[in-house]
Each structure stands twice: as C-alpha cells, then as structure tokens.
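Reading through the structure tokens given below for one structure.
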Amino acid sequence: MTAKKHFLNNTGQEVLFQVLLHIVLFLFFSFDKDEPQIQQFEIVVFMNYAIGAFIINYVLLPTFFYKKKYLRFFFSVAFIIAVIILVEEFVLEQIYFPDTKGRYFPGVFYCLLDVMPVITILAGFKFAWDASNKQREVDELRSSMQESELQFLKSQINPHFLFNNLNNLYSYAIEQSPKTPSIILELSSVLRYVLYDCKEKFVALQKEIEHLKNFTQLNELQIEERGKVTFKTQNIKPEFRIAPLILTVFIENAFKHSTASQSKDIRIDIDIKVTDNGMLEFKCENSFQPHGNTQNLSKGIGLQNVKKRLQILYPSAHELSINENDGLYSVILKMQLKTQGK
C-alpha cells in the first residue's frame, strides 16, 4: 500500500469513527425520559460543542499540544470553552428561551459541568486515535529498522564466508589437487543456499541442516588426515523453521581456529537435535592449542553478527553459552524454533 493510499484509508476510517462517535454522544446528550423527542435547541447546542471540539482536535492539538507548547494549548482550550459557554448562554438561550433560561446566567461552574463532559469525550477519543496511529507508526518503523539491520548482518556474513572458501579453493587449484572438482561442487551448493534459498527471515530447518552438512563437508577437506570431524542430527522434523546462517558461523569458527592452531589431532564434533516441544539444542566442540590464534575467537565479525541476530530474532527464546577449557572450545546454543505458518 502506498503512503497516499494509506493516508486516505486512515482518514476515511477516522471520519467514520468521528461520525459514529458524534451520533452516539448526541443521542446520550439529548436523551430525556420526560421528553423523548429531540428538540431543535439540543441539536444547535450540540453543534456548538462539536465545533469547539473540532477546533481543539484538529487545530489546537497538532499546532500546540503535539509540538509541546502546552501552556499555549491550555490557554487556547480555555478560550474555546469560554466562547462555547458565551454562545450558548448569551446567544442560543436568548433565541430559544428568552423568557426562562435566557433571563439569567447560572454561573461558570454549572456551565462547565454542562460543557466539559462532551468536550472531554470528543477530544479524548481524538487524542486516543492519534496515539494509536502514532504507536502503529512506531511499530512499523521499529520493524523496518530490524529488517534493515538483519539484511545488513546477512550481507556481512556472505562475503566473509565466500572470502574464506575461495582462499581454500585457490590453494587446492595451485596444487592441482584431484579434490578441486568436489570442492567446487560443494562450494556451489553452499553458495546457492546462501545467495538464493535463505532470503527470508526463517527457512525450513531441514534445508538449513542440509546446508550445514554441505558446509561441513566442504571445510572437512582442509583437515584431510589431520583429525576427525563428526556431524550428528536427531529429530529434525519438517514443520520446524529457523533463522538461516546462524549455526554456520559457529561451525566456521570451529574449523578456522582448529586448523589455525593445530597441525594434527584436530577434533570437531557437531551435534544438533530438536526436542518434542521445538527446542533446538546445538553443540559444537573443537580442539585448539592455547598458543594458537584463539584470543579473537569471541571477537570476530561473524560471531558478533550472529549474537546480534539472535537478540533481534530470538530476544527471549535463546540461550548461548561459549566456553574454553583444557584445549577444548565449546559452543552450546538452545533456541525455540518457529513452526510452519508462524
């Protein structure tokens, strides 16, 4: 919906709301069990109130109150109410009741009791309507900002992944390794998923797991005979959905820092399971040598991005634990998965 159509639609809804509100309020205002018929005087007096409320709602509120000019607003409202009372007491009552009500002034307090309920209701509902619209705009803006931030974070992940693996491919190509074709196939499969299949905020868990397997196999080629990699999954059901590329970062870090710090006895264990209530339990452990370059593991761009994405997408539905102990680096992530259609 364009901004113009949205504005026209919202304006139409407000006009209809105000018309219905005025009709209902007028019926209550004019109801008299002794005289069930609506008198012309009641119509004219209510119109006097409605005009005053219109000025307050559509002139004073946007001109003064919403611009935080509160003193001017309250003085202006007081002036409008005074004019309403003067018109009713010294004009309308003089015309319709010259020999009764028009002969005396009942006092300011009585007049305020007569005028203020109607003005308060009409102005109060207008203020509530504006506040509701403003809150909806804030929610839409917040949602738009989160979506933009997520797209930015994704854009950082993709080049980071591509940079690392193209370097690996280049090394194998220089050596004319027979594994080069399989690396290209694995890389093509992974890139297809990263660039095309995970554009939405949430994807099928099965697709994400398939991507992680391909990703792990691609990186496993770096290890060859220097260690062992295990990849286990359990209870992966088709109805579950997950934010894409979150788990990839942890696996990538495991390979990067194990291979950088060790020349042999590399160990990387990846275990992914889902409980019956849709709680994903991800565990990734990798060995490392303390003298290696592991100090920046928890400060890398990819890891900071994934933490930010978890805060946005799973604000109160995830638990992340990262530990280093005796040459073993472990990541445990628990997160409540989405289901199809939610």
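Kindly check whether there is at least one residue in the stretch 238-257 that is touching a residue at least 40 places away in the same chain (Cβ under 8 Å), assigned by TED's automatic domain parsing to the domain that holds Glu281 and polar (S, T, N, Q). Yes: the stretch 238-257 contains one or more residues that are touching a residue at least 40 places away in the same chain (Cβ under 8 Å), assigned by TED's automatic domain parsing to the domain that holds Glu281 and polar (S, T, N, Q). Close contacts from the stretch 207-223, counting a first residue that is within 18 Å of Tyr196 (Cβ to Cβ) and a second that is surrounded by fewer than 18 Cβ atoms within 10 Å (Cβ to Cβ) and among the hydroxyl-bearing types (Ser, Thr, Tyr), with Cβ to Cβ under 7 Å and a gap of 6+ residues or different chains, come to Ile209/Thr233; Asn214/Ser189.
Evaluating Thr275 against the criteria (1) within 26 Å of Asp197 (Cα to Cα); (2) modelled with pLDDT under 85; (3) hydroxyl-bearing (Ser, Thr, Tyr) leaves one unmet condition, (2).
Please tell me if Asp276 is closer than 25 Å to Gln336 by Cα and touching a residue at least 12 places away in the same chain (Cβ under 8 Å). Considered against the rule, which asks whether it is closer than 25 Å to Gln336 by Cα and touching a residue at least 12 places away in the same chain (Cβ under 8 Å), Asp276 comes out as yes.
Filtering Lys334, Lys307 for residues that are at pLDDT below 90, charged (D, E, K, R) and surrounded by 13 or more Cβ atoms within 10 Å (Cβ to Cβ) leaves a single hit, Lys307. The residues of the stretch 28-49 that are crowded, with 17+ Cβ neighbours inside 10 Å and either touching a Leu at 6+ places or on another chain (Cβ under 9 Å) or assigned to a loop (DSSP other than H, G, I, E, B) (or both), listed by number, are Val45, Phe46, Asn48, Tyr49. So is Phe79 in a helix (DSSP H, G or I) and surrounded by fewer than 17 Cβ atoms within 10 Å (Cβ to Cβ) or not? In short, yes. Tell me, yes or no, whether the stretch 166-187 has at least one residue that is under 34 Å from the mean Cα position of the chain (by Cα), surrounded by 12 or more Cβ atoms within 10 Å (Cβ to Cβ), β-branched (Val, Ile, Thr) and in the same structural domain as Phe282 (by TED's automatic domain parsing). No, the stretch 166-187 contains no residue that is under 34 Å from the mean Cα position of the chain (by Cα), surrounded by 12 or more Cβ atoms within 10 Å (Cβ to Cβ), β-branched (Val, Ile, Thr) and in the same structural domain as Phe282 (by TED's automatic domain parsing).
Listed here are the residues, each with its yes/no results for (1) surrounded by 11 or more Cβ atoms within 10 Å (Cβ to Cβ); (2) in contact (Cβ under 8 Å) with a residue 40 or more places away in the chain; (3) on the phi > 0 side of the Ramachandran plot.
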site: Glu93; (1), (2), (3): yes, no, no
site: Asp99; (1), (2), (3): no, no, no
site: Tyr104; (1), (2), (3): no, no, no
site: Gly107; (1), (2), (3): no, no, yes
site: Pro117; (1), (2), (3): yes, no, no
site: Trp129; (1), (2), (3): yes, yes, no
site: Asn133; (1), (2), (3): yes, yes, no
site: Val138; (1), (2), (3): no, no, no
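Considering the stretch 283-303, the residues that are in a helix (DSSP H, G or I) and under 29 Å from the mean Cα position of the chain (by Cα) include one that is modelled with the lowest pLDDT, namely Ser298.
The values are calculated or read from the model by the stated rules, or taken from the named source; none is laboratory data. Nothing here was measured: the structure is a model prediction, and the numbers come from that model. Cβ coordinates were reconstructed from backbone atoms using ideal geometry, including for glycine residues, and neighbour counts include every protein chain displayed.
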